[in-house]
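The values are calculated or read from the model by the stated rules, or taken from the named source; none is laboratory data. Computed from a predicted model, the values in this text were never measured in an experiment. Virtual Cβ from ideal backbone geometry, glycine too; neighbours counted across all protein chains shown.
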Amino acid sequence: MSNPRIVIRGADYEHTLAVAGTYEGFQFGYETMRPQAIFIPMLESRCFEVCEFSLANYIMLRAAGETWLSAVPVFPMRAFRHGLAVTVKESPLETLAALAGKRIGIDDYSMTAAVWFRGLLKEEYGVDHRSITWVTRPKQRFPIPPGAKVEKMEGTLEELLLNGNVDAILGFGTTDPNRPPRERRLRPVLRDVVADEQAYYAKTSIYPINHVVAIRSDVLEQYPSCAAAVCAAYIEAKKHAYARQLGTTLVPWSKLLWTSTFDFFGGDPMPYGLTDVNRLVVGRLSSYLEEQGFIESEPDIDTLFVTPA
């Protein structure tokens, strides 16, 4: 049986530009999509053979006994979450500790970024997520865990913040930065996000993983070598991006920043595979999912991933 052509769905990153191609006998295409446009249809109809997927949602599925989706240890999206909290310019909020007892708008309560942010609040700033009222959209990917204070409200997060319905939002893709500088109405809660994120990494070695690459289990059953081919495609694409220093061509001084950033992360800011540091990060996310009531107990990390020989 010949191997098929498979279209992988994922976000538009420099380090996935070369995923499309032939790897270990598989011909892969790569279609760029917004993550929300991947995750929700995948949960509702299992419509993609291979795709980028929410790591928190994947762990939740596995913890609930769902085995229709299998992940390989490829993590195409990481991000620190200190700068995710956004408020209005005139707000008195200046530290994440001040968010205790406030109202915070989020897109989806179970999204990986929100899980990381709530874990960060408790572990680094002493803020229990149950002290906060989380304001979110009516339709959620998963049921809200018991004990969480959640209100559902229509409107964009930016509208909720500007209208005074919330004190801050976890701000993905706000339109405010598109305004001329003097007309911008929002700012991060933290005044020096980069310094706080660097200090956090130096203390914890955690560079939060948000997304994983997942393969529908029926595809793996039919083509067991697909996992190895998918890993090879992502590894080669990342290697290609690193060699070309993609992302350094548009902004002055960015090549200097590239070098200093790679030095900061020990040569590879986005390691793939079940390395010690990736086990640490996945384990920390799993502990947050348990503490926040999404799963009953932390899973064995080795059971979460297909690890090609």
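Only one entry of Tyr242, Tyr234 meets the criterion of being buried (at least 19 other Cβ atoms within 10 Å of the Cβ) and either at positive phi or not assigned by TED's automatic domain parsing to the domain that holds Val86 (or both), and that entry is Tyr234. Restricting to segment 132-144, and then to whatever is surrounded by 15 or more Cβ atoms within 10 Å (Cβ to Cβ) and not charged (D, E, K, R), can you tell me which residue is nearest to Glu291 (Cα to Cα)? Looking at the filtered set, the residue picked out is Ile144. Filter segment 261-283 down to the residues that are out of contact with any Lys or Arg (no Cβ under 9 Å at 6 or more places or on another chain) and surrounded by 18 or more Cβ atoms within 10 Å (Cβ to Cβ), then identify the one that is farthest from Glu66 (Cα to Cα). The residue in question is Pro271.
Scanning segment 196-223 for residues that are crowded, with 16+ Cβ neighbours inside 10 Å and of a type in the set (Asp, Glu) returns Asp196, Glu197. The criterion of at least 2 residues that are out of contact with any Phe, Trp or Tyr (no Cβ under 8 Å at 6 or more places or on another chain) and surrounded by fewer than 21 Cβ atoms within 10 Å (Cβ to Cβ) is met, among strands (runs of 3 or more DSSP E) falling completely within segment 13-107, by 26-32. Among Trp134, Trp116, which is the only one that is aromatic (Phe, Trp, Tyr) and in contact (Cβ under 8 Å) with a residue 60 or more places away in the chain? Residue meeting the stated conditions: Trp116. Only one entry in Arg103, Arg118 is within 17 Å of the chain's Cα centre (by Cα) and either acidic (Asp, Glu) or in the same structural domain as Val189 (by TED's automatic domain parsing) (or both), namely Arg118. Within segment 29-70, the set of residues being among the small types (Gly, Ala, Ser), over 21 Å from Asp12 (Cβ atoms) and over 12 Å from the mean Cα position of the chain (by Cα) comprises Ser45, Ala63, Ala64, Gly65, Ser70.
Residues of segment 175-195 that are surrounded by 13 or more Cβ atoms within 10 Å (Cβ to Cβ) and farther than 16 Å from Thr261 by Cβ: Asp176, Arg184, Arg185, Leu186, Arg187, Pro188, Val189, Leu190. Against the numbered list (1) in a loop (DSSP other than H, G, I, E, B); (2) within 22 Å of Ile8 (Cβ to Cβ), Val282 comes up short only at (1).
The residues of segment 212-241 that are aromatic (Phe, Trp, Tyr) and over 21 Å from the mean Cα position of the chain (by Cα) amount to a single one, Tyr223. Taken over segment 70-80, residues that are in contact with a Leu (Cβ under 6 Å, 6 or more places away or on another chain) and not small (Gly, Ala, Ser) amount to 1. Among residues of segment 34-45 that are in contact (Cβ under 8 Å) with a residue 24 or more places away in the chain, those with a beta-carbon under 7 Å from a residue that is surrounded by 15 or more Cβ atoms within 10 Å (Cβ to Cβ) and assigned to a helix (DSSP H, G or I) at least six positions away or on a different chain give the pairs Phe39/Asn57.
Of the candidates Thr204, Thr249, the single residue that is at pLDDT below 95 and either not assigned by TED's automatic domain parsing to the domain that holds Arg118 or not aliphatic (A, V, I, L, M) (or both) is Thr249. The residues on offer are Thr156, Thr133, Thr67, and the sole one that is under 21 Å from Thr174 (Cβ atoms), hydroxyl-bearing (Ser, Thr, Tyr) and at pLDDT 95 or above is Thr133.
Within segment 269-289, residues that are assigned by TED's automatic domain parsing to the domain that holds Ala233 reach partners that are of a type in the set (Asp, Glu) and crowded, with 16+ Cβ neighbours inside 10 Å with beta carbons closer than 8 Å, at six or more positions or on different chains, in the pairs Gly283/Glu298; Ser286/Glu298; Ser287/Glu298; Leu289/Glu298. Just to be sure, is Leu289 surrounded by 13 or more Cβ atoms within 10 Å (Cβ to Cβ), out of contact with any Leu (no Cβ under 6 Å at 6 or more places or on another chain), in a helix (DSSP H, G or I) and modelled with pLDDT of 95 or more? Yes; evaluated as a whole, the condition is true for this residue. The set of residues in segment 5-17 being aliphatic (A, V, I, L, M) and either more than 21 Å from the chain's Cα centre (by Cα) or modelled with pLDDT under 95 (or both) consists of Ile6, Val7, Leu17.
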